[in-house]
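Heads up, the thing below is written out as structure tokens.
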Amino acid sequence: MIHSLFLVNSSGDIFLEKHWKSVVSRSVCDYFFEAQERASEPENVPPVIPTPHHYLISVLRHRIYFVAVIQSEVPPLFVIEFLHRVVDTFQDYFGVCTEAAIKDNVVVVYELLEEMLDNGFPLATESNILKELIKPPTILRTVVNTITGSTNVGEQLPTGQLSVVPWRRTGVKYTNNEAYFDVVEEIDAIIDKSGSTITAEIQGVIDACVKLSGMPDLTLSFMNPRLLDDVSFHPCVRFKRWEAERILSFIPPDGNFRLLSYHVSSQNLVAIPVYVKHNITFREGSSQGRFELTLGPKQTMGKAVESVLVSSQLPRGVLNVNLNPSQGTYTFDPVTKLLSWDVGKINPQKLPSLKGSMSLQAGASKPDENPTINIQFKIQQMAISGLKVNRLDMYGEKYKPFKGIKYMTKAGKVPEGRRDEAALP
């Protein structure tokens, strides 16, 4: 299975390595570095790289490459899913998954990796089990371990390890019993300059934070479950009941977990929540160009569009820009030719606009008038697909928990589109 794991930072330095079977030389990562140099963007590095004697399977999270070394053929998605579990575990333990956090907690990192894989095969990947095996680091525990020479490894086998519900420990007790669910959707769309949608899809997840005493059995139903395509569940979900009734029935893990992820690909179900009007012109033989761009909300059901950030890769012939934003601030990098406009919140009564002139190289040919425009945004309390939770019921316990549902829509990320398109990345 997995022989070795290398962590590579954004500078291309290997700052941590872990070997489970035999030690694999760092030189195997040279094939990864070659692929990294050929990639136009950091996220465009191929996830699977074959070498003469190994396969390199990698993911990029938080500007860190997690590179697994495989010596025999295995399902790549199996390894990729495990690498994502490693990142999620680090984030759960340390709050953030950064190079600094990993280096500061390097002992805990090695302890976690030792428990998560046994001889190269996944063993314990559930956060609840790991936290019973290895206590999360705290300042007090770190000081005590330094003085006494002890470790964070627990002395007893986790109670859920031998249970039929291995993702939940026994004897959980809370003073306040709460269950919160976040429905987060990312919309990826490419729109041409006339406003027609070329492609659009929605990637959604339901993240849960459940702090309930005992062994509760939950059911979550939707008003329109047929919207969901290509659904991926947490192991706690009873799949047969979902197939029969389209109801999520599960005994939840304790704490934070991802209940499911889904995909909505039918374009007639994908509503684009913002529109863009732009006019970018260059005169033949002139050293000046005109830039005009206006944003507005569309089909947001009265919800505010917030955290709006517009970016555009202007042609190489543009030397500088002199623009006037009606709101927010803009920056232009004369080296990379990247224009960024931090709009903030869109006011429907006064639409934000960015207008002005562009300075061009003297004697240069007329540049392309259709650069790609990328938009980032967030809309609180709205799921753009129309997905709505109908009700959440609990069985097996007598207390009444506090329940909450929150929705959010935000822009995702799409590959670089054609030059005559505006993209919602």
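The values are calculated or read from the model by the stated rules, or taken from the named source; none is laboratory data. Worth saying up front: this structure is predicted, and the values here are computed from it rather than measured. Virtual Cβ from ideal backbone geometry, glycine too; neighbours counted across all protein chains shown. Accessible surface is based on the protein model in full, side chains and every heavy atom, while ligands, DNA and RNA are left aside. Shrake-Rupley method; radii C 1.70, N 1.55, O 1.52, S 1.80 Å.
All of (1) surrounded by 15 or more Cβ atoms within 10 Å (Cβ to Cβ); (2) of a type outside the set (Ser, Thr, Tyr); (3) within 16 Å of Val87 (Cα to Cα) hold for Arg63 with one exception: (1). Restricting Pro371, Pro415, Pro425 to residues that are closer than 29 Å to Ser307 by Cβ, at pLDDT below 90 and open to solvent by 60 Å² or more (accessible area, probe 1.4 Å) narrows the list to Pro415. The residues on offer are Ser307, Ser311, Ser357, and the sole one that is open to solvent by 20 Å² or more (accessible area, probe 1.4 Å) and farther than 21 Å from Thr409 by Cβ is Ser357. The condition of being open to solvent by 20 Å² or more (accessible area, probe 1.4 Å) and hydrophobic (A, V, I, L, M, F, W, C) holds for only one of Ala39, Ala35, that being Ala39.
Restricting attention to the range 310-353, which residues are free of Cβ contacts under 8 Å to residues at least 24 places away in the same chain and not in a strand (DSSP E or B)?
First, pick out the residues of the range 310-353 that are free of Cβ contacts under 8 Å to residues at least 24 places away in the same chain: 329, 331-336, 347, 349.
Once the filter is applied, which keeps residues that are free of Cβ contacts under 8 Å to residues at least 24 places away in the same chain and not in a strand (DSSP E or B), the range 310-353 yields Pro334, Val335, Thr336, Gln349.
Considering each of Leu260, Leu295 in turn, give the residue that is in contact (Cβ under 8 Å) with a residue 60 or more places away in the chain, part of a strand (DSSP E or B) and open to solvent by less than 20 Å² (accessible area, probe 1.4 Å). So that I can check it myself, show each step before the final result.
On the way: Leu260 fails: in contact (Cβ under 8 Å) with a residue 60 or more places away in the chain.
Just a single option satisfies the conditions, and that option is Leu295.
The numbered conditions (1) of a type outside the set (Ser, Thr, Tyr); (2) surrounded by 19 or more Cβ atoms within 10 Å (Cβ to Cβ); (3) without any contact (Cβ under 8 Å) to a residue 60 or more places away in the chain; (4) within 30 Å of Ser127 (Cβ to Cβ) are all true for Ala244 except (2).
Looking at the structure I just gave you, is Lys398 in a strand (DSSP E or B) and at pLDDT 90 or above? Break it down stepwise before answering.
Working: in a strand (DSSP E or B): no; at pLDDT 90 or above: yes.
Against the criterion (in a strand (DSSP E or B) and at pLDDT 90 or above), Lys398 does not qualify.
Scanning the range 374-391 for residues that are open to solvent by less than 30 Å² (accessible area, probe 1.4 Å) and within 30 Å of Thr281 (Cβ to Cβ) yields a count of 2. State all residues of the range 50-59 that are open to solvent by less than 60 Å² (accessible area, probe 1.4 Å) and either modelled with pLDDT under 95 or outside any strand (DSSP E or B) (or both); if no residue qualifies, say none. Selection gives Thr51, His54.
Please determine whether any residue of the range 27-37 is of a type in the set (Ser, Thr, Tyr), in a loop (DSSP other than H, G, I, E, B) and out of contact with any Phe, Trp or Tyr (no Cβ under 9 Å at 6 or more places or on another chain).
No, that holds for no residue.
What pairs come up if the first residue lies in the range 214-233 and is at pLDDT 90 or above, the second is of a type in the set (Ser, Thr, Tyr), and their beta carbons are under 6 Å apart, counting only those six or more places apart or on different chains? As it stands, the answer is Asp217/Tyr395; Thr219/Ser249; Val231/Tyr262; Ser232/Ser261, since those pairs meet every condition given.
Only residues in the range 23-45 that are touching a residue at least 12 places away in the same chain (Cβ under 8 Å) count as the first member; pair them with residues that are in a helix (DSSP H, G or I), Cβ under 6 angstrom, at least 6 apart or cross-chain, and list the lot. Filtered contacts from the range 23-45: Val45/Ala35; Val45/Gln36. If the condition is being at pLDDT 85 or above, in a loop (DSSP other than H, G, I, E, B), in contact with a strand residue (DSSP E or B) (Cβ under 9 Å, 6 or more places away or on another chain) and not aliphatic (A, V, I, L, M), then the range 172-195 contributes Tyr174, Asn176, Asn177. Pairing residues of the range 393-405 that are within 19 Å of Asp182 (Cβ to Cβ) with residues that are part of a loop (DSSP other than H, G, I, E, B) and open to solvent by less than 100 Å² (accessible area, probe 1.4 Å), at Cβ distances under 8 Å and at least 6 apart in sequence or on separate chains, gives Met394/Leu212; Met394/Pro216; Met394/Pro401; Pro401/Asn177; Pro401/Leu212; Pro401/Pro216; Phe402/Asn177.
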